[in-house]
Amino acid sequence: MRIQQHPVLEFQRGEKVKFTFDGKEYEGFANETIAAALTAAGVRVMRESPVLHRPRGLFCAIGNCSSCLMTVNGEPNVRICVEKLRPGMVVESQKGKGVLYAAEH
Ligand code: FES
């Protein structure tokens, strides 16, 4: 479910964008975050807690916690609540602690 208008903020929904999450194809809109697209698609569990492996959903939704860390296009520990959706993104849930990212350059 998505809001159609906001009482305070003006926003424009972008074009439809396809991406994958854990191997399954999803659709969202340009100008929205990955978390918004997944939430609209009914995904509620964003990750597992690193120690006890409990499910974690969106918490702050402003990039200040670690509840939504995922691997995006091979880069681990991306906060998907502040990462904008782009066509063809490959989003994967993370189990346990994320690994360090080593750039190929
Ligand atoms: S939900 Fe807190 S950083 Fe994304």
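The values are calculated or read from the model by the stated rules, or taken from the named source; none is laboratory data. Given the structure is predicted, the values throughout are model-derived calculations rather than measurements. Neighbour counts are summed over all protein chains in view; Cβ atoms, including those assigned to glycine, are modelled from backbone coordinates with ideal geometry. Surface accessibility is based on the protein's heavy atoms, side chains included, excluding ligands, DNA and RNA. Shrake-Rupley method; radii C 1.70, N 1.55, O 1.52, S 1.80 Å.
The calculated FRET efficiency for residue 52 paired with residue 11, based on their beta-carbon distance and R0 = 35 Å, is about 0.40.
Assign unit charges at the C-beta atoms only (+1 for Lys and Arg, -1 for Asp and Glu), then state the dipole size of the stretch 16-93 relative to its Cα centre in Debye, rounded to the nearest 20.
The calculated dipole for the stretch 16-93 is roughly 140 debye.
Listed cross-link partners 16/84; 18/97; 18/84 are compared with a 23 Å cut-off, the Cα-Cα value being larger for 18/97.
Of the trypsin sites (Lys or Arg not before Pro) in the stretch 11-42, the ones in a loop by DSSP (not H, G, I, E or B) with at most 13 other beta carbons within 10 Å are 13. For the pair residue 75 and residue 4 in one chain, pulling the backbone fully straight at 0.36 nm per residue adds 22.4 nm over the alpha carbon distance. For the stretch 32-105, the set of trypsin sites (Lys or Arg not before Pro) satisfying both a DSSP loop assignment and a count of at most 14 other C-beta atoms within 10 Å is given as 44, 95, 97. At full extension, residue 41 and residue 92 could sit 16.8 nm farther apart than now, given 0.36 nm per residue minus the alpha carbon distance.
Projecting the Cα atoms of 58, 82, 70 onto the charge dipole of the stretch 16-93, computed from C-beta unit charges around the Cα centre, puts 58 farthest toward the positive end.
Taking GluC sites (Glu not before Pro) as exposed when DSSP calls them loop and at most 12 other C-beta atoms lie within 10 angstrom, the chain has its longest site-free stretch at 16-103. Here the contact order of the stretch 16-93, divided by its residue count and restricted to Cα pairs under 8 Å and six or more residues apart, works out to 38 percent.
Sites listed here are chymotrypsin sites (Phe, Trp or Tyr not before Pro) in the stretch 1-31 whose DSSP assignment is loop and whose Cβ has at most 14 other Cβ atoms within 10 Å: 11.
Ordered from highest to lowest accessible area with the whole protein assembly present and a 1.4 Å probe, 17, 90, 99 read as 99, 90, 17.
A Gaussian network model of the chain, with springs between Cα atoms under 10 Å, assigns the largest mean-square fluctuation among 62, 34, 80 to 62. Each stretch of four or more DSSP H residues adds -39500 (n - 2.57); spread over every residue of the chain, this sum gives -1500 deg cm²/dmol at 222 nm.
Taking 7 Å steps out from each Cα toward its Cβ at residue 82 and residue 31 produces label points 2.2 nm apart.
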